[in-house]
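*Asks:* Have a look at the structure that comes next, please.
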Amino acid sequence: MEFSVIGSSQLKLGKSNLLYQELGFCNLKNNCRVLNNRVCFGNNMRLKNAGIRFTLKAFHSEPVIEKKRFGLGKKSKMVNGVKLFVGLPLDAVSSGCNSNNHARAIAAGLKALKLLGVEGVELPIWWGIVEKDGMGKYDWSGYLAIAEMVQKVGLKLHVTLCFHGSKKPHIPLPNWVSQIGESQPSIFFTDRSGQHYKECLSLAVDNLPVLDGKTPVQVYQSFCESFKSSFSPFMGSTIMGVSMGLGPDGELRYPSHHGLASDNKTRGVGEFQCYDQNMLSFLKQHAEESGNPLWGLGGPHDAPTYDQPLHSNNFFKDGGSWESTYGDFFLSWYANQLLGHGDRLLSIAASTFADTGVTVYGKIPLMHSWYGTRSHPSELTAGFYNTVNKDGYEPVAKMFARTSCKMIIPGMDLSDANQANGTHSSPEMLIAQIITACKNQGVKVSGQNISEFGALEGFNQIKKNLSRDKVLNLFTYHRMGAYFFSPEHFPSFTEFVRCLNQPELHSDDLPSEEEEGTESSVKSEESNVNMQTA
């Protein structure tokens, strides 16, 4: 889907209502649908591929004038200075041939976001695409093309380096890494039943030469250095932030919940992921050094499986093994292994990009199920030793502070009221705890939403979180696609952006004669806007 606006070089556009009108959604709201990048009107008329195309015949960087009930006021600012980004499609670059998918739609979407007043976009860059065919054989062409598109429109770019795979859309690890894994499955996380998680490497091999004589840490560092060199013209000007992939889905965690069905309504507590050969070796060594060698034979024997609730076994029950001396030994070791991994990777990114002018980020998960219980089992299996008796996020915040990195927290659209019964879930309380830890350590936070469907309550929850303490400085809305620009969603997103703008009104904010003339000019120009079909 592609948008553009034909008008005079003097056309001044408002950020929300005018954009909404000029993209044609005002009169098409009940008579338009988007399917597979096609825009369909009514029952019979279909415009192929690019759908509607609006083009800016003359685009001048002139001050944007906000329309207000009481006239034209000063340019507004986002809530607490929070910058708004929008995520680009996960498959913006094809995994098959490293070419751009949806190029025309993305180009049009970038123009629309620029007109709306969004700060920039987030681009996922996949290890399995760039370094697909061999160690050190990098192909950045597809991603460079998108960076050029973003720069041309005048938006900022936040890049996420993804050292994991994806099932939807299907983006695997590099071919050569997967081939190594076929003969050495111990490079992957493993659960108690021996099932391997093949979407990322186990943190236990970070410093082991399992990748054709090199360690994963060395391979990640070379990838970062190649990215830095290839994108040097954009660093610090267009590219302002880099997120370092830290594990499954890019998050700092164990893949403790990957065995759960997607429709699991009463979410299980997950499973510990400490059964690959190298994790077991580290656990055995740690147990022997602590004087309890029998504790190093494996993970907790009385912990539930993926889909089992808290009370199905003894480990997470009140007074269960998690509160014993053994429980503290295991949970401390398990969490410290994850912290060490995060420290290694964030340190790589921080040192690599130190002289580029970009900010380095890392993402943690929001394991909010069972948060209302004493043992917090979903967090424990994911690697966060957070219970009623122990704050598991202060050490994480300290690690981010030590590496001078900012933290990304997902789930800013989730509220306690909309959680499934029986899971004792509390995303709001968990977010509050993490943010408190970040405030204590001086760590700035970036937020993300989880749901892609933009429900009204989700937007309201995001606004509530962005209006809180000034520890938040950036929010990324996920994710651009056909649905994002559909009449079912885009008007709500437009209103969301408008509501994030908080005008600072004073007695001199009434329109001047010049501004009143400009407003009349805007209305006059609106009547000259033409719509073209591709």
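The values are calculated or read from the model by the stated rules, or taken from the named source; none is laboratory data. Not measured: the values here are computed from a predicted model. As a convention, Cβ positions derive from the backbone with ideal geometry for all residues, glycine included, and neighbour counts pool all protein chains shown. Please note that ligands, DNA and RNA were not included when accessible areas were found on the heavy atoms of the full protein model with its side chains. Shrake-Rupley method; radii C 1.70, N 1.55, O 1.52, S 1.80 Å.
*Asks:* Name the residues whose placed amide hydrogens come within less than 5 Å of the amide hydrogen of Val86, ignoring near sequence neighbours (fewer than 5 apart) on the same chain.
*Replies:* Sorted by chain and number, the residues that satisfy this are Gly120, Val121, Glu122, Tyr477.
*Asks:* Next up: Out of Val396, Gln448, Ile364, whose Cα points farthest toward the positive end of the dipole of the range 349-481 (charges: +1 Lys, Arg; -1 Asp, Glu; placed on Cβ)?
*Replies:* About the Cα centre, the residue reaching furthest to the positive side is Val396.
*Asks:* Filter Lys167/Lys390; Lys111/Lys168; Lys111/Lys137; Lys228/Lys464 down to the pairs with a C-alpha to C-alpha distance above 30 Å, please. All intermediate terms of the calculation are to be shown ahead of the outcome.
*Replies:* Values: Lys167/Lys390 35 Å; Lys111/Lys168 27 Å; Lys111/Lys137 33 Å; Lys228/Lys464 36 Å.
Flagged as over cut-off: Lys167/Lys390; Lys111/Lys137; Lys228/Lys464.
*Asks:* Show the residues, 5+ positions off or on another chain, whose built amide H is closer than 5 Å to the amide H of Ser243.
*Replies:* Under 5 Å from the amide H of Ser243: Val159, Thr160, Leu161, Tyr361.
*Asks:* Taking a probe of 1.4 angstrom, what is the accessible area of Met429 in Å², to the nearest 10?
*Replies:* Rounded to the nearest 10, the figure is 110 Å².
*Asks:* Related question: How much accessible area per residue does the range 353-444 have, counting only protein heavy atoms and a probe of 1.4 Å, in square angstrom? Before the final figure, lay out the partial values.
*Replies:* On the way: 3160 Å² over 92 residues.
For the range 353-444, the solvent-accessible area averages 34 Å² per residue.
*Asks:* Here's a follow-up. About the Cα centre, and with charges only on the beta carbon of Lys, Arg (+1) and Asp, Glu (-1), how big is the dipole of the range 183-266? Nearest 20 debye, please. All intermediate terms of the calculation are to be shown ahead of the outcome.
*Replies:* Values: 6 positive and 8 negative charges, 9 e Å.
In total the dipole reaches around 40 debye.
*Asks:* A further question follows. Pull out a ≥ b ≥ c, the square roots of the eigenvalues of the alpha-carbon gyration tensor of the range 386-447, then state rounded if a/c is under 1.5, prolate if not and a/b is larger than b/c, and oblate in the remaining case.
*Replies:* Working: a/c = 3.16, a/b = 1.69, b/c = 1.86.
Oblate is the answer for the range 386-447, as a/c is 1.5 or above yet b/c matches or exceeds a/b.
*Asks:* Taking the simple approach of a point 7 Å from Cα along Cα-to-Cβ for both Asp355 and Asp328, what is their distance in nm?
*Replies:* About 4.7 nm, to one decimal.
*Asks:* Gap in Å between the Cα centre of the range 171-218 and the Cα centre of the range 337-362?
*Replies:* Centre-to-centre distance over Cα atoms comes out at 21 Å.
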